[in-house]
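First up is the structure itself, then whatever we jot down about it.
The values are calculated or read from the model by the stated rules, or taken from the named source; none is laboratory data. Fair warning: this is a prediction, and the values are worked out from it, not measured in the lab. Methodologically, a virtual Cβ is constructed for each residue, glycine included, from the backbone with ideal geometry; neighbour enumeration extends over all protein chains shown. When the accessible area is computed, the model is the full protein with side chains, heavy atoms only, and any ligands, DNA or RNA have been set aside. Shrake-Rupley method; radii C 1.70, N 1.55, O 1.52, S 1.80 Å.
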Amino acid sequence: LEALGGAARAGTKAKVGAITGSVGKTGSKEMLRVALAGQAKLHVAEKSYNNHEGVPLTLARMPADTEVAIIETGMNHPGEIEPLARMTRPHVALVTTVAPVHLAAFDTVRDIAREKATIFKGLMPGGTAVINADLPDQDVLRADAAAANAKVLAFGAGAEADYRLARLDVSAGATMVRAACGGSEFLFRLNVPARHLGMNALGVLAVVDALGLDLARAALGLLDWRAPLGRGAAYTIALGPAGIDGQFTLIDESYNANPASVAAALEVLSRHDGRKIAVLGDMLELGRDSLRLHLDLAGLPAMDSIDTVHTTGEFMAGLNGTLPRPKRGLKTRNPVDLAAQITRTIRPGDVVMVKGSLGMKMALIVDALKNMGQATPLTPPTESI
């Protein structure tokens, strides 16, 4: 498979963009898909095809006449990214962010940054490294980019960012971003209410610019972006025949979870009207600090706005006991039990967000909530997960 992928990569003149990061890889890849639609003949990784099988498979499927390819690159152990990057040979490589993920395999977040930075070792000569300038460990990324003789483009809210967040406004249904680049400003909108997605989009636009494509058209194209399935797709669930008994809102974040993504999802939930209910499953692969990282969720500012927190799993049970009593909801050992009980707690007007690691099978709870009535996507999700 690697030989097939390498042959396909060698047989194309496409400009290649590669994406890695602790969170935001798939969403950013899908943003690039819609942002570049109509600008070039695209080849984009399917679903989360980002590992030692998914990357060469994506490359092997690339048509020879591809003009722009977007490849997602992931890892959960040291030493995984560099060989994938050398196989991909990107012209532009984006690191969305670095966060405490897969700490079972890494001692510190800085070690994770070192692994993410190895994506720059695969850059083509004269390539561009796009990094998040707001990261505490950005110096690690800059050092590896310099070692690869790469041009560095930084995005973020700080003054040193080449693509700088000038203003971000989040409403109940949208995120408006004003950004500055090269002495000029531009606006773009996402049809989802999430600050972190606005920042991800800024990194995406930096990639567009580095690939030499039309930044203004790409910014406009982001209007068509929708959250991937399991990563923020929202639904209205109508209760009773023709919704006669009212409705509630479901936010499906069931695909995966880590401290950074849970914090972001809770922040999004906190901006909704209605009774706000978080359904949280264990965050896996966090190593020896697992319990502490779960307990830390109780101190997040967004948690103050959440009315009820239902939990499932060993570590989330600890969070349940830490929360103020009025916030404590159902607590179960597994998602099957929670799926069987949670439907009795839902009322019309509720906003319910479900999130947990993939291994926790939180999709069982999402399915149970959808089956309460007629589910209609608020913003149609993309099929890529």
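For the stretch 196-255 and the stretch 3-80, what is the separation of their Cα centres, given in Å?
If we compute the Cα centre of each part, the gap is 20 Å.
So, for the stretch 274-385, what is the accessible surface per residue at a probe of 1.4 Å, expressed in square angstrom? Could you put the intermediate results ahead of the total?
Details: 5230 Å² over 112 residues.
Ligands and nucleic acids excluded, the result is 47 Å² per residue.
Counting DSSP beta bridges with both partners in the stretch 141-191, what percentage is antiparallel, nearest 5?
90
Express in Å², to the nearest 10, the accessible area of V140 obtained by rolling a 1.4 Å probe over the protein heavy atoms while all chains stay in place.
In the full protein context, V140 sits at about 20 Å².
Tell me whether the stretch 124-252 comes out rounded, prolate or oblate; compute the Cα gyration tensor, take square roots of the eigenvalues as a ≥ b ≥ c, and use a/c under 1.5 as the rounded threshold.
Judged from the Cα gyration tensor, the stretch 124-252 comes out prolate (a/c at least 1.5, a/b above b/c).
Considering only C-alpha atoms, what is the centroid distance from the stretch 306-347 to the stretch 102-181, in Å?
About 35 Å separates the Cα centre of the stretch 306-347 from the one of the stretch 102-181.
Just how large is the dipole of the chain about the Cα centre, in debye to the nearest 20, putting +1 at every Lys and Arg Cβ and -1 at every Asp and Glu Cβ?
Working: 40 positive and 39 negative charges, 64 e Å.
Magnitude of the dipole: close to 300 debye.
Need one number: % antiparallel among DSSP beta bridges in the stretch 222-347, to the nearest 5. Numbers along the way, then the final one.
Numbers: 6 of 14 bridges.
In the stretch 222-347, approximately 45 percent of DSSP beta bridges are antiparallel ones.
If contacts are Cα pairs under 8 angstrom and at least 6 residues apart, what is the relative contact order of the chain in percent? Walk me through the intermediate numbers first.
Numbers: 945 pairs, mean separation 59.2, N = 385.
15 percent.
If you add up the charges near T249, with Lys and Arg at +1 and Asp and Glu at -1, over every other residue whose beta carbon is less than 11 angstrom from its beta carbon, what do you get?
Local charge sum for T249: -1.
Label the stretch 149-213 by shape, choosing from rounded, prolate and oblate, from the square roots a ≥ b ≥ c of the eigenvalues of the Cα gyration tensor; if a/c is under 1.5 it is rounded, and otherwise prolate applies when a/b is larger than b/c, oblate when it is not.
In terms of gyration-tensor shape, prolate.
Based on alpha-carbon atoms only, what is the radius of gyration of the chain relative to the globular estimate 2.2 N^0.38 Å?
In units of the 2.2 N^0.38 Å rule of thumb, it is 0.98.
For the chain, with all protein chains present and a 1.4 Å probe, just round the carbon and sulfur fraction of the accessible area to a whole percent.
Within the chain, the accessible surface is 52 percent carbon and sulfur.
With a ≥ b ≥ c the root eigenvalues of the C-alpha gyration tensor of the stretch 215-271, is it rounded (a/c under 1.5), prolate (a/b larger than b/c) or oblate?
oblate
From zero up to wherever the largest Cα-Cα distance of the stretch 97-171 sits, split into 5 Å bins and tell me the percent of pairs in each.
Taking all Cα pairs of the stretch 97-171, the binned fractions are 3, 17, 23, 20, 18, 11, 6, 2, 0 percent.
Net charge within 15 Å of G318 by Cβ-Cβ distance, Lys/Arg positive one each and Asp/Glu negative one each, not counting G318 itself? Walk me through the numbers before you get to the answer.
Working: positive: R288, R292, K327, R328, K331, R333; negative: D282, D289, D296, E314.
Overall, the nearby charge balance is +2.
With a sphere of radius 13 Å drawn around the Cβ of M62, what net charge do the other residues whose Cβ falls strictly inside it have (Lys, Arg +1; Asp, Glu -1)?
+3
Quickly estimate the mean residue ellipticity at 222 nm for the chain, helices only: each DSSP H run with n ≥ 4 gives -39500 (n - 2.57), and the total goes over all residues, rounded to 500. Walk me through the intermediate numbers first.
Working: 13 runs with 120 residues, N = 385.
Only helices count here, giving -9000 deg cm²/dmol.
Can you tell me which of G24, G38, G281 moves the most in a GNM of the chain? Springs connect C-alpha atoms under 10 Å apart.
In the Gaussian network model the winner is G38.
For the chain, what is the percent of antiparallel DSSP beta bridges, rounded to the nearest 5?
35
Among S28, S254, S184, determine the one that fluctuates most according to a GNM of the chain built with springs between C-alpha atoms less than 10 Å apart.
S184
By accessible area of protein heavy atoms, probe 1.4 Å, what ranking do F186, F120 get, highest first? All intermediate terms of the calculation are to be shown ahead of the outcome.
Working: F186 35, F120 0 Å².
Most to least solvent-accessible, the answer reads F186, F120.
Could you pull out every whole DSSP H run in the chain that spans at least 24 Å of Cα extent along its own axis and averages 0.5 or higher on the Kyte-Doolittle scale?
Passing helices, by number: none.
So which lysines can K370 reach, going by Cα to Cα under 28 Å and dropping same-chain residues fewer than 8 places off?
K25, K29, K47, K276, K327, K331, K355, K361
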